[in-house]
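To start, the structure itself, in structure tokens.
The values are calculated or read from the model by the stated rules, or taken from the named source; none is laboratory data. These numbers were taken from a predicted model, which means no experiment stands behind them. Quick reminder, even Gly has a Cβ in these numbers, built from the backbone with ideal geometry, and neighbours come from all protein chains shown.
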């Protein structure tokens, strides 16, 4: 790690000079992005401030690292951190000098930004409850972190056509999105043994595609063979000339599914014949006893009776470890205020067995809590923690900050929440909504139950702020599905549309999926009232 840190540190002066040239308008936005993306940095709208993406490996973060990030927010007067949809942390509104300083300080704390963007392997995603979820096949945490460290250790050696995303899910719920990844691993059990179902060639964005299931289960010790086989195929067959068609999904489209799978098998066989990549991993992430009797916390008074959590109160999830619980903290749009982060850190500071994970839904999961600790954390975070599925909607950072964003997705999410609050509608009827400000699908609107993609739409002589509505997508080990396109809606009409949709679910007393299967025609009539 020290050699890598020194290598990355040597890159910073040249990058700083590129930033100076960009601010002075000596190079274009595109030229700066070519230099900055691979450094995990993007210029914000307006061209004067910067966003930096801190690579939190698979969302596994400990107290010291999170405390460092909190201290950074205080040092540079940052109001919030952004918990991303790929288990990283973004800091916004940094000047050039401050951004460079954050990059250098992060290296000292073993947090890198290299490969946070650009044509590199990105953060390896991981089911945030892996290791504690009651219905998991097995804990995939060690494998996800291993592959992430493998990528980071050689991050400057990659010359890929475009980004490369790997995912590890611990069961068929696919909470790490293995079924839409360039390379996905989903934990399964067969005949009492642990395996991975492997998924190939999926990704979101323009012409998004679901991954193809590989026809052979993989032993966990063989995962690096699959990683290197896909990288080999990608570099041999990927389009280095046309960035817009460079992802692996376009290789699948060009070859056809059967030919692609056969091509992958050849690369896999060759990798196994020419390289020695077997791995053995010891689980060092979840050494928690079946019961835990810790008492360190003001909320965990050993004299008090232990409240039962059998009804699973808002945000608390019973773990497979007896008498332990996880609490999900989902701030609106993934924007966690610095002051709230400080309060959470103060709460967990003395809890030796507590683990922290970042989720794919812009949330934070605090794990291994006793019942009283869980209730204490729920109370502490009740003002910021969204509890309904609609409240836990996800949004990219949006056009107010993102240079390539078309619509302000965060503003739409806030308008939706405000509209429902004004109507006094608190029932948990609608699913989470996924809002992307453009076609890039950072919020994965293409596989959301309800998704919106930002755009401009000409209506008569006017250009309207609009979003394409997509409904019915899903991510699942049993078969992911892309959502159906239902047309374009004005941004200002969307809160009212969703409210009326929720009322219909309430009036019929149906869940979202059941309503969609029984009354899609009624829904289409409602959409028609708003469609542009």
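For the range 71-94, how many residues are surrounded by fewer than 19 Cβ atoms within 10 Å (Cβ to Cβ) and not in a strand (DSSP E or B)?
6
Those residues that are assigned to a loop (DSSP other than H, G, I, E, B), farther than 15 Å from residue 114 by Cβ and either in the same structural domain as residue 356 (by TED's automatic domain parsing) or at pLDDT 95 or above (or both), I need them from the range 29-61; list them, please. Spell out the reasoning first.
Within the range 29-61, the first condition is being assigned to a loop (DSSP other than H, G, I, E, B), and the residues that meet it are 40, 45-49, 55-56.
Those still in the list that are farther than 15 Å from residue 114 by Cβ too: 45-49.
Matches in the range 29-61: 45, 49.
With the structure loaded, tell me whether residue 400 is buried (at least 23 other Cβ atoms within 10 Å of the Cβ) and touching a helix residue (DSSP H, G or I) at 6+ places or on another chain (Cβ under 8 Å) or whether it fails that test. Before the answer, list the steps.
Numbers: buried (at least 23 other Cβ atoms within 10 Å of the Cβ): no; touching a helix residue (DSSP H, G or I) at 6+ places or on another chain (Cβ under 8 Å): yes.
Judged against the criteria, residue 400 is not a match.
Checking the condition crowded, with 20+ Cβ neighbours inside 10 Å and either touching a helix residue (DSSP H, G or I) at 6+ places or on another chain (Cβ under 8 Å) or closer than 30 Å to residue 200 by Cβ (or both), which residue from 489, 510 passes? Write out each step before concluding.
Values: 510 fails: crowded, with 20+ Cβ neighbours inside 10 Å.
Among 489, 510, only 489 is crowded, with 20+ Cβ neighbours inside 10 Å and either touching a helix residue (DSSP H, G or I) at 6+ places or on another chain (Cβ under 8 Å) or closer than 30 Å to residue 200 by Cβ (or both).
Which ones in the range 341-359 are farther than 12 Å from residue 66 by Cβ, touching a strand residue (DSSP E or B) at 6+ places or on another chain (Cβ under 9 Å) and either touching a residue at least 60 places away in the same chain (Cβ under 8 Å) or surrounded by fewer than 19 Cβ atoms within 10 Å (Cβ to Cβ) (or both)?
Passing the criteria: 353, 359.
Whether any residue in the range 411-429 is closer than 15 Å to residue 205 by Cα and buried (at least 19 other Cβ atoms within 10 Å of the Cβ) is what I want to check. Before you say what the answer is, go through the steps one by one.
So the first thing to find is which residues in the range 411-429 are closer than 15 Å to residue 205 by Cα, and the list is none.
There is no residue in the range 411-429 that is closer than 15 Å to residue 205 by Cα and buried (at least 19 other Cβ atoms within 10 Å of the Cβ).
Condition test on residue 460, is it crowded, with 19+ Cβ neighbours inside 10 Å, farther than 16 Å from residue 431 by Cα and modelled with pLDDT under 95?
Working: crowded, with 19+ Cβ neighbours inside 10 Å: no; farther than 16 Å from residue 431 by Cα: yes; modelled with pLDDT under 95: yes.
The answer is no for residue 460.
Please go through the range 383-392 and pick out each residue that is surrounded by fewer than 20 Cβ atoms within 10 Å (Cβ to Cβ) and either in contact with a strand residue (DSSP E or B) (Cβ under 8 Å, 6 or more places away or on another chain) or not in a loop (DSSP other than H, G, I, E, B) (or both).
Residue satisfying the conditions is 384 alone.
Which of the residues that make up the range 15-44 are farther than 30 Å from residue 140 by Cα, buried (at least 17 other Cβ atoms within 10 Å of the Cβ) and within 26 Å of the chain's Cα centre (by Cα)?
Within the range 15-44, 32, 33, 35, 36, 42, 43, 44 qualify.
Can you confirm whether the range 95-103 contains a residue that is under 21 Å from the mean Cα position of the chain (by Cα), surrounded by 20 or more Cβ atoms within 10 Å (Cβ to Cβ), within 22 Å of residue 1 (Cα to Cα) and touching a residue at least 60 places away in the same chain (Cβ under 8 Å)?
Going through the range 95-103, the residues under 21 Å from the mean Cα position of the chain (by Cα) turn out to be none.
No, that holds for no residue.
Can you name the residue in the range 360-382 that is assigned to a loop (DSSP other than H, G, I, E, B) and modelled with pLDDT under 95 and, of all such residues, is surrounded by the fewest Cβ atoms within 10 Å (Cβ to Cβ)? Walk me through how you get there before you give the answer.
Of the residues in the range 360-382, the ones assigned to a loop (DSSP other than H, G, I, E, B) are 360-363, 370, 381-382.
If we keep only those that are modelled with pLDDT under 95 as well, we get 370, 382.
Working: 370: 24, 382: 11.
The selected residue is 382.
Which residue, of 131, 117, 172, is within 24 Å of residue 333 (Cα to Cα) and not assigned by TED's automatic domain parsing to the domain that holds residue 476? Write out each step before concluding.
Details: 131 fails: within 24 Å of residue 333 (Cα to Cα); 172 fails: within 24 Å of residue 333 (Cα to Cα).
Just one listed residue meets the conditions, 117.
What number of residues within the range 159-188 satisfy the criterion of being surrounded by fewer than 24 Cβ atoms within 10 Å (Cβ to Cβ) and touching a helix residue (DSSP H, G or I) at 6+ places or on another chain (Cβ under 8 Å)?
4
May I ask you to verify whether residue 477 is in contact with a helix residue (DSSP H, G or I) (Cβ under 7 Å, 6 or more places away or on another chain) and closer than 28 Å to residue 399 by Cβ? Break it down into steps so the answer makes sense when it comes.
Numbers: in contact with a helix residue (DSSP H, G or I) (Cβ under 7 Å, 6 or more places away or on another chain): yes; closer than 28 Å to residue 399 by Cβ: no.
Considered against the rule, which asks whether it is in contact with a helix residue (DSSP H, G or I) (Cβ under 7 Å, 6 or more places away or on another chain) and closer than 28 Å to residue 399 by Cβ, residue 477 comes out as no.
If you go through the range 189-210 one residue at a time, do you hit one that is surrounded by 24 or more Cβ atoms within 10 Å (Cβ to Cβ), farther than 20 Å from residue 252 by Cα and outside the structural domain of residue 455 (by TED's automatic domain parsing)?
Yes; the residues of the range 189-210 include at least one that is surrounded by 24 or more Cβ atoms within 10 Å (Cβ to Cβ), farther than 20 Å from residue 252 by Cα and outside the structural domain of residue 455 (by TED's automatic domain parsing).
Pairs under 9 Å by beta carbon, first residue outside the structural domain of residue 161 (by TED's automatic domain parsing) and in contact (Cβ under 8 Å) with a residue 60 or more places away in the chain in the range 236-264, partner part of a helix (DSSP H, G or I) and surrounded by fewer than 17 Cβ atoms within 10 Å (Cβ to Cβ), six or more apart or different chains?
Within 9 Å, no pair qualifies.
Just give me the residues in the range 475-486 being touching a strand residue (DSSP E or B) at 6+ places or on another chain (Cβ under 8 Å) and surrounded by fewer than 17 Cβ atoms within 10 Å (Cβ to Cβ), in sequence order.
Result: 481, 484, 485.
Could you check the range 402-425 and list, in sequence order, the residues that are outside any helix (DSSP H, G or I) and over 18 Å from residue 445 (Cβ atoms)? Let's see the steps before the verdict.
Just the residues of the range 402-425 that are outside any helix (DSSP H, G or I), to begin with: 402-408, 424-425.
Answer for the range 402-425, where residues must be outside any helix (DSSP H, G or I) and over 18 Å from residue 445 (Cβ atoms): 403, 424, 425.
Identify, please: which residue in the range 325-353 is assigned to a loop (DSSP other than H, G, I, E, B) and within 15 Å of the chain's Cα centre (by Cα) and is, among those, nearest to residue 74 (Cα to Cα)?
Filtering the range 325-353 down to residues assigned to a loop (DSSP other than H, G, I, E, B) leaves 330-331, 349-353.
If we keep only those that are within 15 Å of the chain's Cα centre (by Cα) too, we end up with 330-331.
Values: 330: 22, 331: 19 Å.
Among them, the one singled out is 331.
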